[in-house]
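The values are calculated or read from the model by the stated rules, or taken from the named source; none is laboratory data. From a predicted model like this one, the values you see are computed outputs, not experimental measurements. A quick note on method: Cβ atoms are made from the backbone with ideal geometry, for glycine too, and the neighbour counts reach across all protein chains shown.
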Amino acid sequence: MLGAGNGDPTGGHAVTSTAASAMAHVREVVARSGTSFLWGMRILPPHRRDAMYAIYAFCREVDDIADEAGSPEVKMANLAAWRREIARLYDGQASSPVARALQGPVAEFALPAEEFLAVIEGMEMDVRSTIVAPSLEDFWLYCRRVAGAVGMLSIRVFGDSSAPARELAVVQGEALQTTNILRDLAEDAARGRLYMPGDLLAKHGMAGLSPDEVLDHPGLPAACAELAKLAKSRFAKARELLARCDRRRLRPARLMLESYDRILRRLEARGWDRPREAVRLSRAEKLWVALRYSLI
């Protein structure tokens, strides 16, 4: 968590942190995380891979602020501290290990500050008021901030920031985040959150219900099936856009697309009436997808 809950983005690390030690720090963050994104990052050349590690470590830190225990006031203060750290980063004065690891990638790949700020804004949506049954407009806004923004940063590192690639970043972000939301219904409910759009829940008789009540409601499978249909339309659009991009450079994006498509299909096979039954890809499956799509 950023600053160990004290709003200090250095987290106790002195500003003397070297570029090498900063990069070692973000590599450790990625290694500890067990993220499925690791497979997509591993197929990149070293300098691009390290840039993605730094972006991931930033996302991990701000996400932990929103998810870990603590008062909303402290969380908002910590996110505000990260806003200040992003400003320092673009002024060449980064102080935290993660921001210092981002200095080189920001310069080399012209990473836009507004996309880092968009990720923070997504975390602020989680903290400001616990998200339960958002409007469809807020649902897509949340997806744009927490996933589309990461995609917009990633395509620059991958090496294709053309107009189709930028559209791909947003559309694929919507597909992946919607899949995450369907996969993590029970985990989110334990935090008092429910990201499924409120109008979709109301349509199936779940208006005003708590997250736990929704998990046990007979209307949930139909609502999940509708949301999954929206995700599938995003996956299909992402494939269309990918065909118009530099497919060689965007192989990591293709890898993530196929991995999450497999997760969505696995969720459908499990059935939407068992939201507490976890669905994950095994390490072997992740490796198979990585090997297959790293060569295409």
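Quick rundown of the values:
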{"quantity": "Evaluation of Ala57 against (1) modelled with pLDDT under 65; (2) buried (at least 16 other Cβ atoms within 10 Å of the Cβ); (3) under 18 Å from Arg88 (Cβ atoms) (one fails), failing number", "calculated": "(1)"}
{"quantity": "Scope the range 184-197; condition under 19 Å from Arg145 (Cα atoms) and in a helix (DSSP H, G or I); matching residues", "calculated": "Asp188"}
{"quantity": "Hits in the range 241-267 - residues which are within 14 Å of Ile155 (Cβ to Cβ) and among the small types (Gly, Ala, Ser)", "calculated": "Ala253"}
{"quantity": "One residue from Glu226, Glu213, Glu167, Glu174 being within 28 Å of Arg274 (Cα to Cα), within 18 Å of the chain's Cα centre (by Cα) and among the acidic types (Asp, Glu)", "calculated": "Glu174"}
{"quantity": "Residue in the range 146-161 that is within 16 Å of the chain's Cα centre (by Cα) and either among the basic types (Lys, Arg) or farther than 25 Å from Leu111 by Cα (or both) present", "calculated": "no"}
{"quantity": "Matching entry among Met41, Met52 (being surrounded by fewer than 24 Cβ atoms within 10 Å (Cβ to Cβ), in a helix (DSSP H, G or I), within 20 Å of the chain's Cα centre (by Cα) and not aromatic (Phe, Trp, Tyr))", "calculated": "Met41"}
{"quantity": "Selected residue [buried (at least 24 other Cβ atoms within 10 Å of the Cβ) and free of Cβ contacts under 8 Å to residues at least 40 places away in the same chain] from Gly92, Gly148", "calculated": "Gly148"}
{"quantity": "Tally, over the range 220-254, of residues that are within 19 Å of Glu167 (Cβ to Cβ), part of a helix (DSSP H, G or I) and in contact (Cβ under 8 Å) with a residue 12 or more places away in the chain", "calculated": "14"}
{"quantity": "From Ala101, Ala133, residue being crowded, with 21+ Cβ neighbours inside 10 Å and over 27 Å from Leu255 (Cβ atoms)", "calculated": "Ala133"}
{"quantity": "Any chance Asp64 is among the charged types (D, E, K, R), more than 18 Å from Ala20 (Cβ to Cβ), in a helix (DSSP H, G or I) and in the same structural domain as Val214 (by TED's automatic domain parsing)", "calculated": "no"}
{"quantity": "Checking Thr130 against (1) within 22 Å of Val157 (Cα to Cα); (2) at pLDDT below 90; (3) of a type in the set (Val, Ile, Thr), the condition it does not meet", "calculated": "(1)"}
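Every residue, every condition in (1) over 26 Å from Pro45 (Cα atoms); (2) more than 17 Å from the chain's Cα centre (by Cα); (3) not hydroxyl-bearing (Ser, Thr, Tyr), yes or no:
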position	(1), (2), (3)
Lys237	yes, yes, yes
Leu241	no, yes, yes
Arg249	no, yes, yes
Arg254	no, no, yes
Asp261	no, no, yes
Leu264	yes, no, yes
Glu277	yes, yes, yes
